[in-house]
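The next block holds one structure in the form of structure tokens; read it before the comments.
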Amino acid sequence: MTPKRINHYLALPILACFCAAAGAQPTEFANERLPDDEPSGWLKIELAIVIDAQASTLESERWNPFPEARYPLTYRWLENPEHVALLGDTYPEADISSDTMGNIRLAFPDTETLIAADREARRAAELLETASLMAATESIIDDNIDAGIETDQLALELLDTKPTDLDTDTDALTALGEETVAPNELVGLKTGADGTDIDNMEQEIIPPPALPAAFQRRPLEDLSLGIQSLLRETGDALEVDVAWVQAPDAANVPIVIDSSGDSADWPQLQGFVELRRGQEIRLGVNLWWNTSGDYLPDGFTMPSPPRGPTQLTRVDAQTGMQIDAAEIKARQEQLAAYEQEKLLARSVEAKEGFPNVHNNEPEDSQEPQAELIDTSWPWRHFIHITDTKALAEGAVRYFDHPVIKVFSTYRELTWGEVYTLGIEDAGQTDLDAEQANNETTGPAASVIPPDQQPWE
């Protein structure tokens, strides 16, 4: 298919000329809301990688028999909230955090410490429940003795008394003799030392406008319809469809598109892309497609390409030392055994009608054998593309290649669009506030020299 034919599917309207990044407001100073219709310097980039792996296509070309591929020394990943959520479902006991370059850290707590803390919490809850019941019982006895009610009748009434008869936790604390804060004291807490109303002070503070989450995966918009039309016409396969936004002061750092460094599987598409922002916007691609090499002579062999860098780091929460998959599996099995023990204890309590307090420790789980995973390269050959092209705002740039077809476009956002995305992302962040508070801080992307050229 000729580039002219492809442009027929992906033609976009030409947008306004690009405003130089030097005239845009840096993100660290964007604390005042700017006019919505002004250009912001924030870019929205869209990227689609389509593969034509038909036998006729592979056999129609003469490929380099020994291509060479490598990953850059400096790199980043696009943040993927769905991936983080999936990790949270897979490892609910782990503390998951990420840095500004997209690296993800999973900190696994010591299982024995976790179980011991849970047992202490359960014992404290049982003691509080018992103390609440005793306090309520003594109160009823005192009230009814003063009223002259017979002791036997009172004993029957106490059988129906439960801790839930207490209206609030404050009632329980009062019954135990704890001091409570008077209502007028609570009112006094809302005013400062000088009598200023703190609530009114908070209302007077205007927070800065929310900015979007840079380098976070987003769906295609401008390229979507054209790519779908192309796929229907050609029967090619869509391997990558992603968009992201980046601030005007973001460094030119390559973005790794595969997760081969964190998986036992070896994906067919590997590599990275880099948006270079200078006098003009340029996109560099360095990608390769692993194949079975049916188009090559029998017996042909070649060295495998490298695996991608590791995005996930699994460590012990206490020591910070990395732990392997076998240790993680052993901890998960021990926690699962403990949860089963708690379920059994609740079942016994429900049947017998009274708390079943015990200190039985779960049996030590057997250390699992590490699974034997074949990490050798399962392919015979790979097809490589490396190229750099200038991007014109609002136009689709096509990297012409028989197998690996790359399409990209970008446009500059207005401040109104930036603020809208910021509000949407802030809504998502609010749902994950606890996780956001635990995120590790890493070096800002802007500290990496923008003129780095980490790949050929």
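The values are calculated or read from the model by the stated rules, or taken from the named source; none is laboratory data. What you are looking at is a predicted structure, and each value in this text was computed from that prediction instead of being measured. Backbone-built Cβ (ideal geometry, glycine too); neighbour counts: all protein chains shown.
Close Cβ contacts (under 9 Å, 6 or more residues apart or on different chains) running from residues in the range 52-63 that are under 20 Å from F407 (Cα atoms) to residues that are exposed (fewer than 10 other Cβ atoms within 10 Å of the Cβ) comprise D52/G235; Q54/G235. Selection over the range 208-266 of residues that are part of a loop (DSSP other than H, G, I, E, B) and either under 14 Å from K405 (Cβ atoms) or among the hydroxyl-bearing types (S, T, Y) (or both) gives a count of 5.
Out of everything in the range 273-318 that is among the charged types (D, E, K, R) and surrounded by 13 or more Cβ atoms within 10 Å (Cβ to Cβ), what residue ends up being farthest from K405 (Cα to Cα)? Looking at residues that are among the charged types (D, E, K, R) and surrounded by 13 or more Cβ atoms within 10 Å (Cβ to Cβ), I get D316.
Quick grid of which residues meet (1) within 23 Å of Q311 (Cα to Cα); (2) touching a strand residue (DSSP E or B) at 6+ places or on another chain (Cβ under 9 Å):
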| site | (1), (2) |
| --- | --- |
| K44 | no, yes |
| R62 | no, no |
| L87 | yes, yes |
| P92 | yes, no |
| S97 | yes, yes |
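A residue that is under 22 Å from Y398 (Cβ atoms), polar (S, T, N, Q) and either at pLDDT 50 or above or surrounded by 12 or more Cβ atoms within 10 Å (Cβ to Cβ) (or both) occurs nowhere in the range 37-53. Every condition in (1) in a loop (DSSP other than H, G, I, E, B); (2) touching a Phe, Trp or Tyr at 6+ places or on another chain (Cβ under 6 Å) holds for I115 except the one numbered (1).
Residues that are modelled with pLDDT under 90 and buried (at least 18 other Cβ atoms within 10 Å of the Cβ) within the range 89-99 comprise just one, A94.
For the range 29-51, filtering for residues that are aromatic (F, W, Y) and in contact (Cβ under 8 Å) with a residue 60 or more places away in the chain leaves 1.
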